[in-house]
Structure formats: structure tokens, C-alpha cells
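The values are calculated or read from the model by the stated rules, or taken from the named source; none is laboratory data. Quick caveat, the model's predicted, so the values are computed rather than measured. Cβ sites come from the backbone with ideal geometry, for glycine too, and all protein chains shown count toward neighbours.
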Amino acid sequence: MYLSHYDLTKKPFQISPNPSFLWMGEQYKEALATFDYGIIDNRGLILLTGEIGTGKTTLINALIKRQPENTVIASITDPRMEKLDFYNFVAHSFNLNKKFQSKGDFLVHFSHFLHKSYSKDEKIILIIDEAQRLTPELLEEVRHLSNLEKEYTKLLIIILAGQKELNDVLNRDENRALRQRITLSYHLSALSKNDTADYIKHRIKISGGKCNIFKASALTEIYAFSEGYPRLINTICDHALLSGYVKGVKKIDGAVVQGCLKDLLLPGEQKKSAETSFSNDLDDEEKLVYTPEPGFRGKKTVKSILYICFSILLLAGVAYYTYENRESISSLLNQSTQSVTGKFKDKAVVSLPEKGGEIKNVENKLKESGLLADKTELNGKNMAMPEYSGKKPVQPGGSLDSDLEIEYVDEGYLAKAKRILPLKDEKLIIYFDLNSNEIPDRVYDSLNLLADIMVEYPGMEIMIRGYSDSSGQSGFNKIISRFRAVVVKNYLVGKEADPSRIKVLGMGPATKGGQEYNKDDRRVEIEFYSGTS
């Protein structure tokens with residue numbers, strides 16, 4: 001309807017996944033490269049996860065389109081079915097032309113089909129979309145299929161694609177055996193604001209139009225509404241183009257997009273716009289309540305106001321208490337900002353009731369002041385050990401003179417990593433098997449701890465460098481070193497770590513001209529750093 005109005009040759013924002021419109025942003029390039037490598041190297045079981053509307057199906061369609069002619073692909077779009085129905089659907093998708101009455105009968109014929117395809121140098125790929133809907137029983141059957149191999153080569157490549165809940169399903173104890181067989185994985189995240197603008201311009205360009213149809217104000221509103229999810233971007237953009245056509249305008253601004261939101265939201269659903277999107281960073285109790293009056297920025301909830309009043313009273317009480325007890329705690333300085341090695345020091349002056357007082361009194365006073373965790377004890381091994389300014393650290397069971405100034409070092413992310421992770425030269429090192437990028441079982445606990453630290457410290461950034469040994473071709477070594485780094489990144493992202501704070505590099509051989517099969521060279525190094533340092 002609106003194509004000629006905007007000089008377009010086709011609709012740029014259709015909801016149905018179309019690989020010709022695939023925007024090759026950084027994460028999509030990385031994802032396709034990951035899956036290309038997995039297919040070429042017969043990696044067996046491959047995992048793709050992402051939120052609803054992040055473009056998983058579009059990516060899969062693009063992956064199918066770029067496969068050579070000697071590839072046979074079957075796709076299951078809704079895997080919620082009974083076991084025998086599942087096997088018969090797989091048989092039908094691969095054109096086996098037979099209906100099976102038992103699992104054993106299917107496996108005999110399917111194994112024969114795979115071996116025959118292998119002899120003809122054909123690759124067989126089974127794609128299971130919406131894999132989070134797989135029952136535990138079917139997940140076990142998928143594991144059995146992934147075991148089909150010949151001469152240490154996988155005969156069937158299985159790609160599981162699903163929402164992020166699939167990660168939780170695979171991490172359950174009953175699915176541990178299947179989880180261990182996943183050799184490659186990738187997690188698709190929502191687009192950033194800049195990526196959203198590039199995504200829109202790309203689809204307009206593919207459709208034959210000019211990239212400036214959407215003004216900057218419109219792009220801001222689109223991102224606020226969609227939060228970077230491609231499916232929602234397509235929905236609001238298509239609606240905005242239609243609305244602009246009806247209004248007779250050829251440039252879409254923020255007002256046009258805002259007008260479209262009313263038609264897209266369900267009754268009672270809160271409006272998302274650039275005006276209110278800034279409140280997304282607040283807690284639920286602190287968010288602004290949207291009201292439709294022009295220019296009105298919102299009002300705080302009653303609960304937020306009560307919090308403010310309570311905070312003022314609490315501060316007044318603390319000030320009074322500090323004044324009355326200045327002999328015990330004379331000052332508490334503001335907490336400093338985070339640095340590359342953690343947080344700077346907090347200070348408190350602690351006076352003991354009398355000279356030679358017990359160390360336990362100091363612990364109690366520090367805990368009362370909030371400078372020492374309830375479960376922390378003063379000892380020579382604790383990373384969070386308080387130290388006396390210019391004096392010897394406190395030892396358990398010791399005694400102190402009065403009026404000594406205490407410095408408490410608050411534990412930052414690097415200090416915490418040193419305490420709970422097996423670091424070498426302040427790096428977490430993961431060693432891989434020969435020609436493998438499968439994460440070893442022994443390091444999952446360390447990666448889980450690392451992901452927890454990244455969630456706890458939003459300012460933390462890491463660099464993941466992948467290495468290989470010097471055996472084999474240099475091009476392959478470069479590829480496998482990068483994929484080792486990518487696999488580790490994807491695991492952390494699947495554990496809620498922010499992908500924008502994880503950088504990856506493929507370094508190739510760790511040592512050149514050395515021992516070809518040096519197992520220590522096949523590794524990934526995770527280094528902690530600050531983007532501002």
C-alpha cells in the first residue's frame with residue numbers, strides 16, 4: 001500500500017523471517033561463523049539461544065540458505081510431541097518414506113540412511129526450533145541421536161534453537177549428559193540503540209528506499225518501545241510507515257511513532273516511549289507512573305515518597321547517634337568509586353572502651369558501622385581484612401590501644417576473583433583437548449562463579465583470548481583459537497553476563513616453532529580489565 005509513497009520495491013519490515021533481510025551486525029556475523037565452523041567440522045550438537053524476537057529463526061534460515069548442495073537439512077518447528085511421533089516426523093522430514101511402529105525400527109533405518117549419506121560425502125543436519133518445548137523424554141532421545149557416529153565422526157549435526165529458558169532446561173541434573181555433548185553454543189541478545197538504527201537503515205536499503213526515512217526522534221522512540229528486539233522493531237516500523245502514508249508525510253518523526261503505540265499496546269499495557277524509558281533502570285517501586293498529559297514527566301509512587309521520608313529520618317537518626325557516640329565511631333567517609341582493582345578504601349576511627357581491649361570489640365564496632373560483613377572475622381588470610389593505618393594488621397586474639405584509625409578495604413571484583421577462582425597471573429586459564437573447543441567439565445564451576453561476579457559488578461569487563469597449539473594449518477589454528485574464546489563467551493552470556501562487556505580474540509598458536517602438540521598451548525585466557533583504564 002505504501003511502497004510507492006516511500007519509493008520502496010518491497011516491504012522492509014515484514015514479521016515473517018526472511019534471510020535476504022538479515023542484518024549482519026557483529027553478533028550475527030559471529031553467530032553464523034560459529035555455526036559454519038560447527039557444520040564444517042561435524043561438531044554434532046550445537047545450541048542457539050536468545051530472547052523472543054531476537055532473530056533466531058531468521059538466522060537459521062540464513063544458515064540453511066548458505067549451505068552447499070551436498071547438505072540435507074530437516075527442520076522441526078514445534079517439537080512438542082510424543083516420542084514415536086517425533087521419530088516419524090524426523091523420518092518424514094528426511095524423506096525416508098516409511099512410518100515406524102517402534103524406536104528400534106526407526107534407528108535401524110535412520111542409521112542406514114546416515115551411513116549411506118556419509119559415503120556420498122553428504123552432511124545431514126537436523127534443526128529443532130523452539131527447543132525449550134522439548135520434554136525431558138525427547139531431550140534424552142536427542143542425546144541418543146547425537147551419539148550416532150562413524151570412525152569418530154558425527155553422522156548427524158543437530159542444532160537446538162530456543163529461548164533463553166532452554167539454558168535452564170539443559171542445566172538441570174537430569175539433562176547433564178546432553179549438556180556435555182553440546183560442542184558449540186551462541187546466545188543472541190537484543191540490539192543496542194546504535195545497532196537498532198543500523199538495522200532499520202539496512203532493511204530500508206534492501207527494500208530500495210533511502211536510509212533517512214526515519215528521523216532521529218523516530219529512531220529514539222522505536223528503540224524505547226522495542227528495547228532492541230528485531231521483531232518489535234519490525235512491528236512498530238511497519239505501522240509507522242503505514243501511518244506516515246495515511247498522513248501524507250515522507251519522513252517519520254517521533255510524534256508519528258508515538259501515535260502508533262496506541263494501536264499496538266493491549267488494554268491496560270503501559271506505554272513505552274523515550275519519555276519514560278529512562279525509568280527502566282530504577283527498581284519497580286521507584287519507577288515513574290505514566291500519565292498521558294502532554295509534557296508531563298510522571299509522578300513518583302506513594303511508596304517512593306515514603307522511602308524518601310524514611311531515608312531522611314534514618315539519616316537524621318544516624319547523625320544523632322554518631323554525634324552521641326563519637327567516642328566510639330568518630331567518622332565514616334563516603335565510599336569511593338570502583339577502580340580496575342576493585343573499590344578504594346573506606347575509613348572509620350574506632351575507639352575502644354579501654355586500652356588493651358579485645359579484638360572482638362573491634363569486629364563488633366566495624367560490623368555495626370557496616371564496614372565489616374556479619375560473617376567476616378579478622379584474620380591474616382581474609383581478603384577483606386581491616387588494617388591499621390601505618391601499623392601492623394590485627395591478628396586474632398590480639399589486643400589494641402585505644403583511638404586507632406582503621407582502614408577497611410572493601411572487596412572489589414578482582415579481589416573476589418582472586419579469592420574464589422583458580423587464577424594464574426590474575427587470569428583464569430581454561431585448557432582444551434586436541435582439536436576441540438568443548439569446555440571441559442572441570443571448569444564449569446569456575447565459569448559459573450565468574451558469571452556471578454560479572455552480574456554482581458556491572459563495571460567489570462573481561463577479555464577472552466583463545467589460543468591453539470602449533471600443529472596443523474595456520475588458518476585452522478586461527479579459527480579454532482577464536483571459537484574457543486567464543487564458546488566461553490557464549491556460556492557466560494547464557495548465565496546472564498552482559499555480552500557488551502566481554503571481548504574475544506583468536507590469537508592462533510600460543511607458541512610458534514615450539515612443540516607442535518603442546519597441551520598447555522590449547523587454552524583460553526580470561527583477563528579482567530576496566531574499559532576506562
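Summary of computed values
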{"item": "Only one of 468, 474 that is of a type in the set (Ser, Thr, Tyr), more than 12 Å from the chain's Cα centre (by Cα) and at pLDDT 85 or above", "result": "468"}
{"item": "Helices (runs of 4 or more DSSP H) wholly inside region 64-167 that include at least 1 residues being farther than 15 Å from residue 178 by Cβ", "result": "83-93, 103-119"}
{"item": "Neighbours by Cβ (under 9 Å, 6+ apart or cross-chain): first from region 412-435, touching a residue at least 24 places away in the same chain (Cβ under 8 Å) and within 25 Å of residue 43 (Cα to Cα); second assigned to a helix (DSSP H, G or I) and among the small types (Gly, Ala, Ser)", "result": "430/446"}
{"item": "Any hit, region 159-169, residues being in contact with a Leu (Cβ under 9 Å, 6 or more places away or on another chain) and of a type in the set (Asp, Glu)", "result": "no"}
{"item": "Out of 204, 222, sole residue that is surrounded by fewer than 22 Cβ atoms within 10 Å (Cβ to Cβ) and in contact with a Cys (Cβ under 9 Å, 6 or more places away or on another chain)", "result": "204"}
{"item": "Pick from region 15-57, criterion at pLDDT below 85 and among the polar types (S, T, N, Q), ranking: farthest from residue 202 (Cα to Cα)", "result": "42"}
{"item": "Scan of region 400-450 for residues that are modelled with pLDDT under 80, closer than 30 Å to residue 478 by Cα and charged (D, E, K, R), ordered by number", "result": "438"}
{"item": "Residue 464 vs. criteria in a strand (DSSP E or B) and out of contact with any helix residue (DSSP H, G or I) (no Cβ under 7 Å at 6 or more places or on another chain)", "result": "no"}
{"item": "Condition met for residue 231 (touching a residue at least 60 places away in the same chain (Cβ under 8 Å), surrounded by 22 or more Cβ atoms within 10 Å (Cβ to Cβ) and under 25 Å from residue 9 (Cβ atoms))", "result": "no"}
{"item": "Counted residues, region 443-460 - those being assigned to a helix (DSSP H, G or I) and of a type outside the set (A, V, I, L, M, F, W, C)", "result": "6"}
{"item": "Residue match in region 65-83 (condition: at negative phi, crowded, with 18+ Cβ neighbours inside 10 Å and in contact (Cβ under 8 Å) with a residue 60 or more places away in the chain)", "result": "no"}
{"item": "Residue in region 123-146 that is closer than 25 Å to residue 24 by Cα, touching a His at 6+ places or on another chain (Cβ under 9 Å) and in the same structural domain as residue 178 (by TED's automatic domain parsing) present", "result": "no"}
{"item": "Residues within region 414-465 that are closer than 22 Å to residue 483 by Cα, over 18 Å from the mean Cα position of the chain (by Cα) and either of a type in the set (Asp, Glu) or not assigned by TED's automatic domain parsing to the domain that holds residue 490 (or both), tallied", "result": "3"}
{"item": "Single residue of 45, 32 found to be under 19 Å from the mean Cα position of the chain (by Cα), surrounded by 17 or more Cβ atoms within 10 Å (Cβ to Cβ) and touching a residue at least 24 places away in the same chain (Cβ under 8 Å)", "result": "32"}
